[in-house]
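Since every read-out is calculated from the coordinates, none of them should be taken as a lab result. This structure is a prediction, so every number in the text was calculated from the model and none was measured. Cβ atoms come from the backbone with ideal geometry, glycine included; neighbour counts cover every protein chain shown.
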Amino acid sequence: MVKGKLVVRCAMVGAAMALALALGGCATDAPQREDLSYGPGEPPLMPAPHAGRYEGLGAPGCYGCHGANEVTDHMLAAAPALPSDHYVDGSVETYEVFGPRGECITCHPQG
Amino acid sequence: MELSRRTFVKAGAVALASAAAGGTLGVLPGCSPAASSGASGVAAGGDTVKTVGVCRFCGCGCGVIVEAKDGRLISVTGDPDNGSSRGLNCVKGYYLANALYGEDRLTKPLIRDDKSTKGTEGGLREASWEEALDLVASKLRETWKADKSRLAFWGSGQQPIVEGYATAKFWKAGLLSNNIDPNARLCMASAVVGFMNIFQTDEPAGCYADIDETDVFVTWGANMAEAHPMLYSRLTARKLADDKVRHYDVTTMATRTSASADKVLMFRPGTDIAIANAIANYLIQNNLYDKAFVEDHIQFKQGTENIGNSFEDGYDASDVGKTVDAVENITFEQFAERLAPYTLEYAAELSGVPAEDIRELAEVFADKSRKVLSLWTMGVNQHNRGTWMNHCIYNIHFLTGRYALPGDGAFSLTGQPSACGTAREVGTFSHRLPADLLVAKAPHRRYTEAVWNLPEGYLDAIEKPGMHTVKMFRELSKGNVDFLWSAHNNWAVSMPNLTRFLGRGDEDKKGIYDCFICVSEVYPTLSTQYADAVLPAAMWVEREGAFGNGERRTAVFEKAIDPPGEAKWDLWMLMEIAKRVLDGEVIGGQDAFDTLFGQVYDKQAADFTGTQREVCRALWEEYRTFSNPQLNPKASEINAAEKLKMEAKQLAPYDLYIEDHGLTWPVREVDGQWLPTLWRFCDGPQEDGFDQLGVAQYGQQDKAAGVSFYKSADQRPSAVFRPYEPPAEEPSDQYPFWLCTGRLLEHWHTGSMTRRVPELHRALPQALLDVNPADCEQLGVKDGDMVRVSSRYGSFDIQVSTAGRTAPPQGIVFAPFFAEETLVNLAVQDVYCPLSKEPDFKKTCVSIRKV
């Protein structure tokens with residue numbers, strides 16, 4: 001289902017993470033695919049299963065674990081942090097995701 | 001879940017928000033070191049070579065930089081210098097290189113000796129090119145000589161421009177046949193007929209930069225997040241850049257696109273015309289329309305009504321079918337009277353959308369302090385009244401003076417990479433000639449004869465339009481087509497009513513078995529299973545080509561690598577077949593083939609007269625003459641005498657499209673420089689993307705809003721009243737659900753390429769039927785259950801999902817059409833819009849039962 005508004009403030013990481021964990025298949029405890037590789041220019045795949053995550057939570061479901069806020073640059077140890085060029089001004093410290101990067105699965109498919 | 005909206009105060013830092021009148025994107029920082037500005041054929045380190053390209057898939061037309069090493073593609077990245085995408089891309093584009101390397105690429109010609117093996121995976125044997133070409137050409141020539149009404153070519157909005165141009169020239173001038181149509185008939189025809197009816201020119205006035213400029217988005221039947229990902233990224237970026245930007249999603253079901261909407265107006269299928277008319281009526285009744293704009297620019301019309309539906313093969317020739325295009329002028333007052341019954345309450349009753357929500361949207365259009373951009377795609381076009389709904393959207397924009405202005409306009413999004421550039425611009429439709437010209441108009445035929453160096457009157461033989469797509473396949477299924485050649489499409493998966501067209505349930509399978517079918521392809525598909533001959537084609541950057549995208553941008557993709565095995569450029573196949581079919585034929589006393597193609601092909605040598613670049617350039621320069629009549633004295637004379645205004649779509653010399661990474665037409669020569677146009681009919685500096693030269697040459701400069709619709713009759717586009725008429729079929733006890741089909745992000749059309757990309761296939765491995773949970777409960781099914789979906793056309797089996805990409809309301813189900821094994825089109829109706837002949841893929845009535 002498509003729910004949730006277009007919200008990309010990484011400071012709301014806690015709430016998003018709680019929901020993300022509730023959905024199951026979260027990266028913390030799910031098996032990671034280790035046979036994935038990608039070439040230059042190809043955006044990284046999601047190595048852990050995230051079925052239904054985006055459909056249920058939209059982009060906040062991604063930022064919740066992979067985005068930065070005032071406390072941490074990403075919430076879960078196993079979650080790769082968004083690179084700085086995904087933030088406004090190319091700076092993680094803005095804690096705000098650069099607009100065209102707002103739709104995560106447009107570039108990052110499930111691995 | 002409800003997270004608070006962030007305060008996005010750094011709008012100035014968001015490069016996407018355009019500041020200049022050009023309004024283009026800032027360069028997107030790339031993820032990859034390879035995402036730097038590419039240069040044509042430049043060594044990129046080691047022995048790698050970078051070339052300029054444009055994505056192979058959807059109508060966005062994203063620019064890409066292609067990097068190759070040792071004859072193999074190693075990366076595809078966003079091209080920051082392409083004005084359409086400015087470095088953005090989507091998952092299909094990023095993994096595009098892998099689409100060339102499926103294990104089962106077709107590398108040798110194949111021939112089927114036993115027609116009874118059609119529809120199976122077997123029955124094709126390898127052949128030499130000579131044998132395959134001789135066979136295809138002999139079958140075509142045999143049919144042509146016997147009865148040329150029984151031959152057909154089905155092309156594509158994925159066919160590169162010069163190939164489409166050459167194909168149209170061979171078919172129309174070489175064979176004197178109009179039985180050629182593209183698969184763009186399935187996606188853009190309603191928009192095209194709308195453009196022609198309203199503006200007398202087939203083109204959007206706006207451009208993608210409008211997305212960066214607008215204050216309010218209205219998406220009508222458009223799931224941009226899945227079908228136009230790059231443009232949806234621009235939409236969301238614009239929304240993030242300014243808290244005041246609003247988005248209204250007018251749709252029959254919640255989609256990923258609805259997620260960014262401030263309000264979703266979810267309507268009962270087919271009632272969008274009632275909503276649009278209610279908005280127009282509200283604007284007039286409440287004196288909220290732009291009187292100056294209406295007075296200066298618009299004429300009013302009404303047309304034939306109660307036009308029924310095209311269930312029967314004979315619809316087009318029926319009494320009503322023959323009159324569907326008729327219109328008559330009416331006054332503004334009469335127009336208002338026709339709209340008067342469409343009160344908010346009446347539209348609410350029909351559509352299920354609260355009257356207050358319709359009023360709110362009408363007020364949005366009325367508020368001239370803010371810009372409004374309508375965007376639409378297949379929900380509007382694939383509609384039993386698709387052309388009418390196009391009219392209704394323009395009506396609202398005309399009444400509010402919102403058209404052809406930066407950020408303030410109505411924009412029909414194209415489905416395919418070259419639906420505009422090839423299908424529409426070079427004339428591969430059954431009723432068209434290049435550059436908007438029509439076979440039915442004598443001055444248009446004279447002009448084409450001049451450019452093609454044909455005797456005057458030669459094209460009078462093709463005065464009557466040929467078979468449109470649905471007619472082509474309906475006639476084929478009845479055994480009335482003896483030769484079909486298809487290229488750049490997969491009709492056996494993408495056409496509606498496949499139960500009929502594939503002969504399923506048809507004992508003698510007469511049409512599909514008897515017809516000689518030639519398929520040019522890169523992979524085995526369901527279409528090749530019905531082919532008598534398969535010609536292995538070079539794919540994407542294995543040859544040079546060009547696409548024209550939805551914003552009038554023409555972009556070249558350079559050849560980067562060689563095709564595998566014996567796969568060949570489609571243009572070479574066309575030349576070899578044309579030379580065989582036209583052997584011994586003459587045009588005006590001269591050899592027919594040489595008259596048409598002698599400038600690029602040496603038939604004795606069986607090869608082109610130059611490199612691919614030289615061939616593309618030569619054909620482009622010939623095609624470009626259509627929009628540059630000064631290059632041909634006879635054409636120039638006809639253009640002036642008949643007031644054709646052919647310069648209005650002026651194209652630039654070929655090489656500039658490579659150097660500039662694409663240009664939007666018309667491209668104007670000013671002081672030796674070629675300047676593109678972003679906003680058509682809008683007066684302003686040409687160097688900033690406005691249509692200064694066009695308005696100065698043909699238009700008027702003192703009219704409301706600074707626009708001048710100089711291509712329209714009397715310089716006035718038409719607001720045409722169109723009434724609400726119900727869908728072709730309504731849900732019943734027997735078929736209680738609406739079935740809507742469409743695309744999803746990871747797969748392009750029928751999946752013949754994207755399903756061979758492991759990353760894309762893993763992400764979306766199968767087609768699922770999205771069903772509302774309440775409907776699941778009623779049906780006694782749950783997630784993962786297999787169900788049989790049946791219509792009065794046919795049935796298919798599919799797995800149920802309540803957590804898919806779309807969230808249909810009760811009574812509607814959605815399925816994507818990319819999966820050959822699911823083949824949803826077995827059950828989809830082939831009823832089409834009576835004006836555009838585009839099928840309605842969105843409203844088939846079906847039953848669902850667990851299997």
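Taking amide H positions as modeled 1.01 Å from N, with prolines and chain starts lacking one, the residues under 5 Å from residue B:587 and 5 or more places away or on another chain are B:592.
Ignore the peptide's own chain and count Cβ atoms of other chains within 10 Å of each Cβ in B:237-244; give me the average, rounded.
3
DSSP beta bridges fully contained in chain B are about 55 percent antiparallel.
Each of B:104, A:85 was scored by other Cβ atoms within 10 Å of its Cβ. Arranged with the fewest first, they read B:104, A:85.
Computed from label points 7 Å out along Cα-Cβ, the spacing between residue B:621 and residue B:440 is 3.6 nm. Counting DSSP beta bridges in the protein assembly as shown, what percent are antiparallel, to the nearest 5? Looking only at bridges with both residues in the protein assembly as shown, the antiparallel portion is about 55 percent. With each label modelled as a point 7 angstrom along the Cα→C-beta vector, the residue B:304-residue B:659 pair spans 5.0 nm. Each peptide among B:687-700, B:253-266 gets the average number of other Cβ atoms lying within 10 Å of its residues, and from highest to lowest they stand as B:253-266, B:687-700.
Count of lysine pairs in segment B:189-413 with Cα atoms under 15 Å apart, counting only pairs 8 or more residues apart in sequence or on different chains?
Working: B:239/B:263; B:239/B:371; B:244/B:263; B:244/B:368; B:244/B:371; B:291/B:368.
Lysine pairs, 8 or more places apart or on different chains, close enough: 6.
For residue B:850, the lysines whose Cα comes closer than 29 Å to its Cα, not counting residues fewer than 8 places off in the same chain, are A:3, B:782, B:842.
On full extension, the segment bounded by residue B:606 and residue B:697 gains 28.2 nm, given 0.36 nm per residue less the C-alpha separation. Between segment A:84-111 and segment B:403-452, the alpha-carbon centres lie 39 Å apart.
Once you order the gyration tensor axes a ≥ b ≥ c over the Cα atoms, which shape class does segment B:370-418 get: rounded for a/c under 1.5, otherwise prolate or oblate by comparing a/b with b/c? Oblate, since a/c reaches 1.5 and b/c is not below a/b.
Label-to-label distance, residue B:103 versus residue B:631, with points set 7 angstrom from Cα along the beta-carbon direction: 4.7 nm. Bridging of residue B:843 to lysines at a Cα separation below 22 Å is possible for B:471, once same-chain residues fewer than 8 apart are set aside. What does the C-alpha gyration tensor say about the overall shape of the protein assembly as shown? Classify as rounded when a/c is under 1.5, otherwise prolate if a/b is larger than b/c, or oblate. Rounded shape, in that the Cα axes give a/c under 1.5. Residues A:101, B:125, arranged from fewest to most other Cβ atoms within 10 angstrom of their Cβ, appear as B:125, A:101. With point charges of +1 on the Cβ of Lys and Arg and -1 on the Cβ of Asp and Glu, referenced to the Cα centre of segment B:189-413, which listed residue (B:199, B:310, B:401) lies farthest in the positive direction of the dipole? So the residue furthest toward the plus end is B:401.
Estimate the FRET efficiency between residue B:333 and residue B:242 by the formula 1/(1 + (r/R0)^6), using the beta-carbon distance for r and 30 Å for R0, to the nearest 0.05. Efficiency for this residue pair is about 0.15. Assuming charge only on the beta carbon of Lys and Arg (+1) and of Asp and Glu (-1), the dipole of segment B:554-601 about its Cα centre is about 60 debye to the nearest 20. When the Cα positions of B:693, B:679, B:780 are compared along the charge dipole of segment B:644-786, B:693 comes out farthest toward the positive end, with charges on each C-beta of Lys, Arg, Asp and Glu.
In the structure shown, the pairs B:115/B:139; B:559/B:603; B:118/B:478; B:92/B:559; B:568/B:634 are assessed against 26 Å; a Cα-Cα span above that value is assigned to B:568/B:634.
Relative to the Cα centre, the charge distribution of the protein assembly as shown, modelled as +1 at Lys and Arg Cβ and -1 at Asp and Glu Cβ, gives a dipole magnitude of about 780 debye.
The residue among B:218, B:388, B:527 whose Cα reaches farthest toward the positive pole of the charge dipole of the protein assembly as shown, with charges on the beta-carbon of Lys, Arg, Asp and Glu, is B:388. Centre-to-centre, using Cα atoms only, segment B:216-254 and segment B:682-720 are separated by 28 Å. For segment B:332-362 versus segment A:68-83, the spacing of their alpha-carbon centroids is 50 Å. Overall, chain B carries a charge dipole of about 640 debye about its Cα centre when +1 sits on the Cβ of Lys and Arg and -1 on the Cβ of Asp and Glu, all other atoms neutral. Compute the FRET efficiency between residue B:262 and residue B:340 as 1/(1 + (r/R0)^6), taking r as their Cβ-Cβ distance and R0 = 51 Å, and round to the nearest 0.05. The calculated FRET efficiency here is 0.95. Shown is the FRET efficiency for residue B:716 and residue B:319, computed with R0 = 30 Å from the Cβ-Cβ distance and rounded to the nearest 0.05: 0.45. Going by neighbour counts of Cβ atoms within 10 Å, the residues B:451, B:52 line up, fewest first, as B:451, B:52. 3J(HN,Hα) along segment A:50-59: 10, 3, x, 5, 5, 4, x, 10, x, 4 Hz, from the Karplus curve 6.51 cos²θ - 1.76 cosθ + 1.60 with θ = phi - 60°, whole Hz, x for Gly and Pro. Give the shape of chain B as rounded, prolate or oblate, defined through the alpha-carbon gyration tensor: a ≥ b ≥ c are the square roots of its eigenvalues, a/c under 1.5 means rounded, and otherwise the shape is prolate if a/b is larger than b/c and oblate if not. Note, shape of chain B comes out rounded.
Residue by residue along A:89-102, Cβ atoms of other protein chains within 10 Å of the local Cβ number 6 on average.
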